[in-house]
Amino acid sequence: MTPAINLAKKAKIAFKVHEYTHDPDNAAYGLEAAEKLGLPPTQVFKTLVVNLDGKELAVGIVPVAAMLSMKHLAKAAHAKKADMADKALVARTTGYVLGGVSPLGQKKLLKTFIDESALQFSTIYVSAGRRGLEIELAPQDLQSLTRAVFTPLIHTE
């Protein structure tokens, strides 16, 4: 069990865990999950940790086939600037390795933002806290457990 799965169990929400064999040569973790689980890449979401104004970390959750708009995330977080957080800092702060960062069960609850496209699905898939492990849950349950805000986060240009 991972902290993400333990949190979902403790909250008594409906969820399913899906496992697949991760290819260590594949760095496109989210796209690999969608492909190996036979899911549309619009329904599988990646968890990205960003630095806001160089002072605070936050989480952006977007479809694996999309790019996170730093401008949109900064605006949603009421920050001037957002950029990708340092990999070592992400691992230390969340307790997860890159490619296995779950929005659930992180060591420290960070400000979290979910792309509004998640609302078109009854369930979405996010990392369950390990490469090769996804958790399927309702977007509203993910929002509730992470205290997230639904907002446009996808880079559209």
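The values are calculated or read from the model by the stated rules, or taken from the named source; none is laboratory data. The model shown is predicted, which means the values in this text are computed figures rather than measured ones. Cβ atoms come from the backbone with ideal geometry, glycine included; neighbour counts cover every protein chain shown.
Of all residues in region 29-60, how many are among the basic types (K, R) and not in a strand (DSSP E or B)? If you could, list the steps in order and put the result at the bottom.
Just the residues of region 29-60 that are among the basic types (K, R), to begin with: 36, 46, 55.
Subset that is not in a strand (DSSP E or B): 36, 55.
Residues that pass the stated criteria total 2.
For region 32-42, which residues satisfy the criterion of being within 15 Å of Y20 (Cβ to Cβ), in contact with a strand residue (DSSP E or B) (Cβ under 8 Å, 6 or more places away or on another chain) and not small (G, A, S)? Step through it out loud before you land on a result.
Of the residues in region 32-42, the ones within 15 Å of Y20 (Cβ to Cβ) are 32-39, 41.
When the remaining residues are screened for being in contact with a strand residue (DSSP E or B) (Cβ under 8 Å, 6 or more places away or on another chain), the result is 33-34, 37, 39, 41.
Result: L37, L39, P41.
When only residues in region 11-49 that are acidic (D, E) and under 20 Å from V62 (Cα atoms) count, which is farthest from the chain's Cα centre (by Cα)?
Residues of region 11-49 that are acidic (D, E), as a first pass: 19, 23, 25, 32, 35.
Now restrict to residues that are under 20 Å from V62 (Cα atoms): 32, 35.
Details: E32: 15, E35: 17 Å.
Filtering region 11-49 for residues that are acidic (D, E) and under 20 Å from V62 (Cα atoms), the one farthest from the chain's Cα centre (by Cα) comes out as E35.
Just wondering, is there one or more residues in region 86-96 that are over 12 Å from the mean Cα position of the chain (by Cα), crowded, with 21+ Cβ neighbours inside 10 Å and either more than 20 Å from E35 (Cα to Cα) or at pLDDT below 95 (or both)? Don't jump to the end; show me each part of the working.
Just the residues of region 86-96 that are over 12 Å from the mean Cα position of the chain (by Cα), to begin with: 86-93, 95.
Now narrow it down to the ones that are crowded, with 21+ Cβ neighbours inside 10 Å: 90.
Those left that are additionally either more than 20 Å from E35 (Cα to Cα) or at pLDDT below 95 (or both): 90.
Yes, that holds for at least one residue.
Okay, residues lined up against (1) in contact (Cβ under 8 Å) with a residue 12 or more places away in the chain; (2) outside any helix (DSSP H, G or I); (3) of a type outside the set (G, A, S):
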position: H72; (1), (2), (3): yes, no, yes
position: S102; (1), (2), (3): yes, yes, no
position: L109; (1), (2), (3): yes, yes, yes
position: V126; (1), (2), (3): yes, yes, yes
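In region 16-33, which residues are under 24 Å from S144 (Cβ atoms) and either in contact with a Cys (Cβ under 7 Å, 6 or more places away or on another chain) or buried (at least 20 other Cβ atoms within 10 Å of the Cβ) (or both)?
Looking only at region 16-33, we keep the residues that are under 24 Å from S144 (Cβ atoms), and these are 16-18, 30, 33.
Passing the criteria: G30, A33.
Might you check whether a residue that is aliphatic (A, V, I, L, M), over 21 Å from T146 (Cα atoms), out of contact with any Ser or Thr (no Cβ under 7 Å at 6 or more places or on another chain) and in contact (Cβ under 8 Å) with a residue 12 or more places away in the chain occurs anywhere in region 40-60?
Residues of region 40-60 aliphatic (A, V, I, L, M): 44, 48-50, 52, 57-59.
Narrowing the set further to residues that are over 21 Å from T146 (Cα atoms) leaves none.
Within region 40-60, none of the residues are aliphatic (A, V, I, L, M), over 21 Å from T146 (Cα atoms), out of contact with any Ser or Thr (no Cβ under 7 Å at 6 or more places or on another chain) and in contact (Cβ under 8 Å) with a residue 12 or more places away in the chain.
Within region 107-130, which residues are hydrophobic (A, V, I, L, M, F, W, C), over 12 Å from the mean Cα position of the chain (by Cα) and at pLDDT 95 or above? So that I can check it myself, show each step before the final result.
If we filter region 107-130 for residues that are hydrophobic (A, V, I, L, M, F, W, C), which is where we start, we get 109-110, 113-114, 118-119, 121, 124, 126, 128.
With the extra rule that they be over 12 Å from the mean Cα position of the chain (by Cα), the set shrinks to 109, 119, 121.
Across region 107-130, the qualifying residues are L119, F121.
Quick check on this structure: which one of L48, L73, L133, L104 is buried (at least 21 other Cβ atoms within 10 Å of the Cβ), within 18 Å of A27 (Cβ to Cβ) and either modelled with pLDDT under 95 or touching a strand residue (DSSP E or B) at 6+ places or on another chain (Cβ under 8 Å) (or both)?
Details: L73 fails: within 18 Å of A27 (Cβ to Cβ); L133 fails: buried (at least 21 other Cβ atoms within 10 Å of the Cβ); L104 fails: within 18 Å of A27 (Cβ to Cβ).
Being buried (at least 21 other Cβ atoms within 10 Å of the Cβ), within 18 Å of A27 (Cβ to Cβ) and either modelled with pLDDT under 95 or touching a strand residue (DSSP E or B) at 6+ places or on another chain (Cβ under 8 Å) (or both) holds for just one of L48, L73, L133, L104, which is L48.
Residue by residue through region 107-118, note down the ones that are in contact with a strand residue (DSSP E or B) (Cβ under 6 Å, 6 or more places away or on another chain) and surrounded by fewer than 18 Cβ atoms within 10 Å (Cβ to Cβ).
The answer is E116, and nothing else.
Looking only at residues in region 57-116 that are of a type in the set (S, T, N, Q) and out of contact with any helix residue (DSSP H, G or I) (no Cβ under 8 Å at 6 or more places or on another chain), which one is nearest to P41 (Cα to Cα)?
Only one residue tops the list, namely S69.
Taking only pairs six or more apart or across chains, which ones have beta-carbon atoms under 7 Å, a first residue in region 136-149 that is under 9 Å from A118 (Cβ atoms), and a second residue that is part of a helix (DSSP H, G or I)?
P139/A118; P139/L119
Restricting to region 128-157, name every residue that is touching a His at 6+ places or on another chain (Cβ under 8 Å) and either charged (D, E, K, R) or part of a helix (DSSP H, G or I) (or both).
R131, E134, E136
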